[in-house]
1. Would you pick out the residues in the stretch 122-135 that are touching a helix residue (DSSP H, G or I) at 6+ places or on another chain (Cβ under 9 Å) and either loosely packed, with under 14 Cβ neighbours inside 10 Å or hydrophobic (A, V, I, L, M, F, W, C) (or both)?
2. Looking for whichever is at pLDDT below 95 and in the same structural domain as residue 29 (by TED's automatic domain parsing) here; the options are 106, 149, 67. Which one fits?
3. For the stretch 26-70, enumerate the residues that are charged (D, E, K, R) and not in a loop (DSSP other than H, G, I, E, B).
4. What are the pairs with Cβ atoms under 9 angstrom where one residue, in the stretch 58-70, is in contact (Cβ under 8 Å) with a residue 40 or more places away in the chain and the other, located anywhere, is of a type in the set (D, E, K, R)? Sequence gap at least six, or different chains.
5. I need the full set of residues from the stretch 78-111 which are surrounded by 13 or more Cβ atoms within 10 Å (Cβ to Cβ) and more than 24 Å from residue 127 (Cα to Cα), in order please.
6. State whether the residues of the stretch 2-25 include one that is assigned by TED's automatic domain parsing to the domain that holds residue 71, assigned to a loop (DSSP other than H, G, I, E, B), modelled with pLDDT under 90 and at positive phi.
Amino acid sequence: MRERIYKLAQDRAPLLDALTEYRRGRVVPFDVPGHKQGRGTPELTEFLGKSCLSVDVNSMKPLDNLSHPTSVIKEAEALAADAFGADDAFLIIGGTTAAVQAMIMSVCKRGDSIIIPRNVHKSAINALILCGIIPVYVDPGIHPELGISLGMSADDVEAAIAAHPEAKAVFV
């Protein structure tokens, strides 16, 4: 197997660096979130820790803006794309649910079909419902000893693609 060659130096962590600098700058926040770096809600601070809350911040110039990245977020996305060997990578908030829905809804539109495992997470089903996308279900394998669902087999995915060439995507 060939060693992966990166275009960018993968030893940088631009968001971590920016948040560390933010913390070092001892900024006094007058915007959201309301816990004010751990000073606003003692219970939350006790649960998550002051270190965590001290860098839970909103968009501001030194920390960039996820909606229109121009500095550290843009650099982090470029590093991620390079690390994954992709043309682009996008950071997202809202957890995996938002990411799954964004992936599906950016590829399919109302009436399109998508090949998807029968045991897919409900966030994917929600995306189908929101956009009127038609699922082509593939039953996952079952582990013979443990009895738990596995992923779709490559053969089953190939068969689904052959049977549904109109499908816009395969969600794995």
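1. Once the filter is applied, which keeps residues that are touching a helix residue (DSSP H, G or I) at 6+ places or on another chain (Cβ under 9 Å) and either loosely packed, with under 14 Cβ neighbours inside 10 Å or hydrophobic (A, V, I, L, M, F, W, C) (or both), the stretch 122-135 yields 122, 124, 127, 128, 130, 131, 133, 134.
2. Answer to the selection: 67.
3. 36, 43, 46, 50, 61, 64
4. Taking only residues 6 or more apart or on different chains, the pairs are 62/21; 64/74; 64/75.
5. Across the stretch 78-111, the qualifying residues are 78, 79, 80, 81, 82, 83.
6. no
The values are calculated or read from the model by the stated rules, or taken from the named source; none is laboratory data. These figures come from a predicted structure and were not determined experimentally. Because the Cβ atoms are built from the backbone with ideal geometry, glycine has one as well, and the counts that use them run over all protein chains shown.
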